[in-house]
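Dropping a structure here in structure tokens format, bear with me for questions.
Please treat every number below as a calculation from the coordinates, not as lab data. Everything numeric in this text was worked out from a predicted model, so none of it was measured. So basically every Cβ, Gly included, is an ideal-geometry build from the backbone, and we count neighbours across all protein chains shown.
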Amino acid sequence: MKKILLSCRDACAAHSMIEIAKILRHNSWPFTIASQEPATSILISAKLETHSFESIDLQAPDSSQSIKFLEKVKGFLNKGHFDAAMVGLSTPGTGGIDEAIVKIANFPTFLIQDYWGDLNLFFNSYPTYVLSNDQHGVQVTKKRFEIDAFNLGSVRHIPYVKLTTANKKPDGPTYCWLDQPLEPLQSYFRLFEQWTAFLEVETSATLQIRLHPSSSVDRKKQFIETLKSKSIQWKFSDLEPIEETIFKSDIVCSVLSNGNMDAAYINHFADQPVCLPVHLLIDHDLNEQIGDLAKQSDQPIEALGVGVVCRNWESWHDLQKQWKVSLNDVFEAAKNLPSPSLIEQKLISMLEDKL
């Protein structure tokens, strides 16, 4: 039986790798896991053993720090005698264990893509295969990178099959902000400050802020500083599972967070509308830094109908006034998302075919 290496450093990727590990174990495929924080803590909580690498975000592919890190990963791969690797996806712009494996490996690499059409090319190296959420992800990936992509399904949402959705509170609306480690920081908090100014108009509105797992204490302080002059009831919700935060929210907002996909899949399995996922692609400087993903004219949640994209404050203001109509629309569209129930069969068949 072939030996598989799993790797991750991002929180979303860690949840995907937990499900991949269950599938491999169920089918008697040997595997080893390599990780960095915040993924390491998530894997350990799931009672999975992992080889933990130091938690650094490499900033330049040719830096001395990056070269030393590549040497460490190379030594680890040489000792492991792996036949293939399945790697996670992290926010583009920094490098780590996943990107290093793709750079160095002399065996097939499979990228678990948790956002449609996204790759992290920190070391300017491409995985052998991309495993996408759905057929739309395959199409976007092939269009952007001309790389072999496979429609596996949304791996981290396999457990959602057993989710029990809580009853929604009749009062509201309750907003949620999903934090992301995006730069430039000034642009990011400018967008957040402008957005919260719109929320102040609604006297009954409440706000939940979910910090990104990699967020620093200083970043948390900046949220507090931004909100201290606002007349909004708000709280941080990052100590609870993201699903609980989403259940309590009516409108889930971010710049371009994978958490909006979690919200869409919660709607998929729910008996009644739970929340409205929204991307706020409004700040020009922030969009420029994000790059091609932010500039797509047809964003995936928009193309699939499972969420809304606001590209200016006028569209956000209009959405505030009629969000319940949009909520019903995205709830109906979410029912058409592909079920994760076939992922195990598809994954094992693909590995047997490619290896």
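Sort 203-211, 231-239 for me by packing, meaning the mean count of neighbouring Cβ atoms within 10 Å per residue, highest on top. Working shown, then result.
Values: 203-211: 18.4, 231-239: 14.0.
Packing order, densest peptide first, comes out as 203-211, 231-239.
Taking 8 Å as the Cα distance limit and 6 or more residues as the minimum spacing, I'd like the relative contact order of the chain as a percentage.
Numbers: 636 pairs, mean separation 48.3, N = 355.
Once normalised by length, the contact order is 14 percent.
Counting pairs of alpha carbon atoms under 8 Å apart in space and at least six apart in sequence, what relative contact order in percent does segment 31-132 give? Mind showing how you got there, number by number?
Values: 145 pairs, mean separation 24.0, N = 102.
Computed value for segment 31-132: 24 percent relative contact order.
Can I ask one more? Report the one residue of Met261, Ala100, Thr32 whose Cα lies farthest in the direction of the positive end of the charge dipole of the chain (charges on C-beta: Lys and Arg +1, Asp and Glu -1; origin at the Cα centre).
Farthest towards the positive pole: Thr32.
Right, another one. When a/c reaches 1.5 or more, the comparison of a/b and b/c decides; with that in mind, is segment 284-355 rounded, prolate or oblate per its Cα gyration tensor? All intermediate terms of the calculation are to be shown ahead of the outcome.
Details: a/c = 4.97, a/b = 1.62, b/c = 3.07.
It is oblate, given that a/c is not under 1.5 and a/b is not larger than b/c.
Quick one: what does P(r) look like for segment 217-338 with 10 Å bins over all Cα pairs, in whole %?
Histogramming segment 217-338 at 10 Å steps yields 12, 39, 37, 11, 0 percent.
Around Ala84, with a cut-off of 9 angstrom between Cβ atoms, what is the net charge of the other residues, counting Lys and Arg +1 and Asp and Glu -1?
Numbers: positive: Lys2, Lys3, Lys354; negative: Asp83.
Once positives and negatives cancel, what remains is +2.
First check a/c for the chain, with a ≥ b ≥ c the square roots of the eigenvalues of its C-alpha gyration tensor; if it is under 1.5, answer rounded, and if not, answer prolate when a/b is larger than b/c or oblate otherwise. Let's see the in-between values first.
On the way: a/c = 1.84, a/b = 1.48, b/c = 1.24.
Taking the square roots of the gyration eigenvalues as a ≥ b ≥ c, the chain is prolate.
For segment 142-158, just list the computed ³J(HN,Hα) in residue order, Karplus coefficients 6.51, -1.76 and 1.60, θ = phi - 60°, integers in Hz, with x standing in for Gly and Pro.
With coefficients 6.51, -1.76 and 1.60, one gets 5, 5, 7, 10, 6, 10, 6, 10, 10, 7, 8, x, 7, 4, 5, 9, 4 Hz.
Below 8 Å, C-alpha to C-alpha, sequence gap of six or more: please give me the relative contact order for segment 162-281 in percent. All intermediate terms of the calculation are to be shown ahead of the outcome.
Details: 177 pairs, mean separation 39.3, N = 120.
Reported relative contact order: 33 percent.
Same structure again: Under a Cβ-Cβ cut-off of 14 Å, what is the net charge of the residues other than Tyr126 that fall near it, where Lys and Arg count +1 and Asp and Glu count -1?
On the way: positive: Lys103, Lys142, Arg144; negative: Asp98, Glu99, Asp118, Glu146, Asp148.
For residues surrounding Tyr126, the net value is -2.
Ranked highest first by the average count of other Cβ atoms within 10 Å around their residues, in what order do 322-332, 152-162 fall?
Working: 322-332: 15.6, 152-162: 20.1.
Sorting 322-332, 152-162 by mean packing, highest first, produces 152-162, 322-332.
Something else: So which lysines pass the test for Lys143, namely a Cα distance under 29 Å, with those fewer than 8 places away in the same chain ruled out?
Lys103, Lys295, Lys335, Lys346, Lys354
Work out, step by step, the length gained on full extension between Lys3 and Gln135: first 0.36 nm times the residue separation, then minus their alpha carbon distance; give nm to one decimal. Spell out each step's value before the answer.
Working: separation 132, 0.36 × 132 = 47.52 nm, distance 2.81 nm.
Contour length minus the Cα-Cα distance gives 44.7 nm.
Relative to the Cα centre, what is the charge dipole magnitude of segment 293-355, using +1 at the beta carbon of each Lys and Arg, -1 at the beta carbon of each Asp and Glu, and rounding to the nearest 20 debye?
Details: 7 positive and 9 negative charges, 29 e Å.
Its charge dipole is roughly 140 debye.
If you put +1 on each Lys and Arg Cβ and -1 on each Asp and Glu Cβ, how big is the dipole of segment 171-324 around its Cα centre, in Debye rounded to 20?
Numbers: 13 positive and 23 negative charges, 68 e Å.
That gives a dipole near 320 debye.
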